[in-house]
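The values are calculated or read from the model by the stated rules, or taken from the named source; none is laboratory data. What you see is a predicted model; the values in this text were computed from it and never measured. Quick reminder, even Gly has a Cβ in these numbers, built from the backbone with ideal geometry, and neighbours come from all protein chains shown. Surface accessibility is based on the protein's heavy atoms, side chains included, excluding ligands, DNA and RNA. Shrake-Rupley method; radii C 1.70, N 1.55, O 1.52, S 1.80 Å.
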Amino acid sequence: MTELDGEDIGAGIYRTAFRGTRAPAIITDPDLVVRDANDACLEFTGYSRPELVGETALDLFEESAVCDEIVATLARGDTWNGEVEVATKDGRLVYGRGSCTPVTVDGETRGYVGFFTDRTQHRQYEQSLRILNRVLRHNLRNDANVVLGRIEIVAEQVDDLALRDSLATAREKVDAILDYAETARNLNDLLSNTGSSLHPVRLDEVLRRKVRAAAERYPDAEFVTDFGSDPVVVAADDAVGTALEAVLVNAVQHNDKATPRVAVDVAVESGYATVTVADNSPGVPASERDRIFGREESTRSTTARD
């Protein structure tokens, strides 16, 4: 690789390739002073190349904590990857993913190259979906409570045992819908928590607690477990317990057998732990599995059907 400011053929090839890169990118010297910016970066930020070259690259970033993290990571000789907000010339803040890595020549760091991926629109979509999700859950709870109230009123006026049984079944189904909404909220909150960090978790203990709670909740179901005799420790966060609980509940609530049977086991191999949850329900129809589990692209007809 040639010097960053070289004028030979190699530098010409570098300049053509770098400036033609479609993702916004800059190259700095060891002091993080901008030496070059590609055309995508100029279009993205609104600055001209002379306005950027000679300036400190960190001035483009809004958050000082992110700048400190970048400097510390690069000082160790590592590549920095993370979320960052970039300030454009017209004062807009653009959110995205950034990456910065050392440019090393003959064992010496000659500078750094950084790339940026604009995810502003994606984040706006996520925020809109979270708001919509919250509104839908709120409306669902309100309407479900109204239905439950009407069921109770009717149940008090009915003497027919068959009708009372039907109303009791309706009440259970509405309660199940509310449980689904609560589980969805918990999973959404946990998975949306980008600040959460992984830590050692005793997976076998989490499973024992969740299976015990499911057995108390569904006394007519049978649970069989095999967690082995050794502790199973994994890197996880609180989402693992919520996810396991949702799977166990699903195994019972969508089971049409008189006695739902759920088998739960853990297998450890090559540093990975695999949790298997199997039940005696019919399961998902084979014709629907690829679409439901995301292995098949949605077409206009399947979207309309859903």
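For segment 266-306, a residue qualifies if it is open to solvent by 100 Å² or more (accessible area, probe 1.4 Å), assigned to a loop (DSSP other than H, G, I, E, B) and at pLDDT 70 or above, and exactly one does: SER270. Cβ-Cβ distances below 9 Å connect the following pairs, each with a first residue in segment 16-39 that is within 16 Å of VAL86 (Cα to Cα) and in contact (Cβ under 8 Å) with a residue 24 or more places away in the chain, a second residue that is in a helix (DSSP H, G or I) and of a type in the set (D, E, K, R), and a separation of six or more residues or different chains: PRO24/GLU43; ALA25/ARG19. When segment 243-265 is filtered for residues that are in a strand (DSSP E or B) and surrounded by fewer than 16 Cβ atoms within 10 Å (Cβ to Cβ), the ones remaining, listed by number, are ALA263, ASP265. In summary, LEU203 fulfils each of the numbered conditions (1) at pLDDT 80 or above; (2) open to solvent by 70 Å² or more (accessible area, probe 1.4 Å) with the single exception of condition (2).
In segment 231-242, the residues that are open to solvent by less than 30 Å² (accessible area, probe 1.4 Å) and at pLDDT below 85 form Cβ pairs under 9 Å with partners that are part of a loop (DSSP other than H, G, I, E, B) and of a type in the set (S, T, N, Q), at six or more places apart or across chains, as follows: ALA239/ASN193; ALA239/SER196.
Pairs meeting the criteria (first residue in segment 203-221 and without any contact (Cβ under 8 Å) to a residue 60 or more places away in the chain, second residue of a type in the set (Lys, Arg) and open to solvent by 20 Å² or more (accessible area, probe 1.4 Å), beta carbons under 8 Å, at least 6 apart or on different chains) are ALA221/ARG261. Against the test of being open to solvent by less than 60 Å² (accessible area, probe 1.4 Å), of a type outside the set (Ser, Thr, Tyr) and touching a Leu at 6+ places or on another chain (Cβ under 6 Å), the options VAL158, VAL174 yield a single qualifying residue, VAL174. Of the numbered criteria (1) part of a helix (DSSP H, G or I); (2) charged (D, E, K, R); (3) at pLDDT below 90; (4) more than 34 Å from the chain's Cα centre (by Cα), the one GLU7 fails is (1).
Candidates are the residues of segment 83-98 that are more than 19 Å from the chain's Cα centre (by Cα) and over 13 Å from GLU63 (Cα atoms); the one that is least open to solvent (accessible area, probe 1.4 Å) is THR88. Within segment 99-154, being open to solvent by 90 Å² or more (accessible area, probe 1.4 Å) and in a strand (DSSP E or B) holds for one residue alone: GLU108. Selection of first residues in segment 177-190 that are within 13 Å of ASN139 (Cα to Cα) and open to solvent by 50 Å² or more (accessible area, probe 1.4 Å) and of second residues that are among the small types (Gly, Ala, Ser) and at pLDDT 75 or above, restricted to Cβ pairs under 8 Å at least 6 apart or on distinct chains, gives the following pairs, ordered by first then second residue: ILE177/ALA144. Of the residues ALA75, ALA65, the single one that is at pLDDT 85 or above, open to solvent by 60 Å² or more (accessible area, probe 1.4 Å), more than 23 Å from ARG110 (Cβ to Cβ) and among the aliphatic types (A, V, I, L, M) is ALA65. Within segment 243-272, if we keep just the residues that are touching a residue at least 24 places away in the same chain (Cβ under 8 Å) and polar (S, T, N, Q), the residue that is farthest from ASP179 (Cα to Cα) turns out to be THR259. Tell me, yes or no, whether segment 71-83 has at least one residue that is touching a Lys or Arg at 6+ places or on another chain (Cβ under 9 Å) and aromatic (Phe, Trp, Tyr). Among the residues of segment 71-83, not one is touching a Lys or Arg at 6+ places or on another chain (Cβ under 9 Å) and aromatic (Phe, Trp, Tyr), which makes the answer no.
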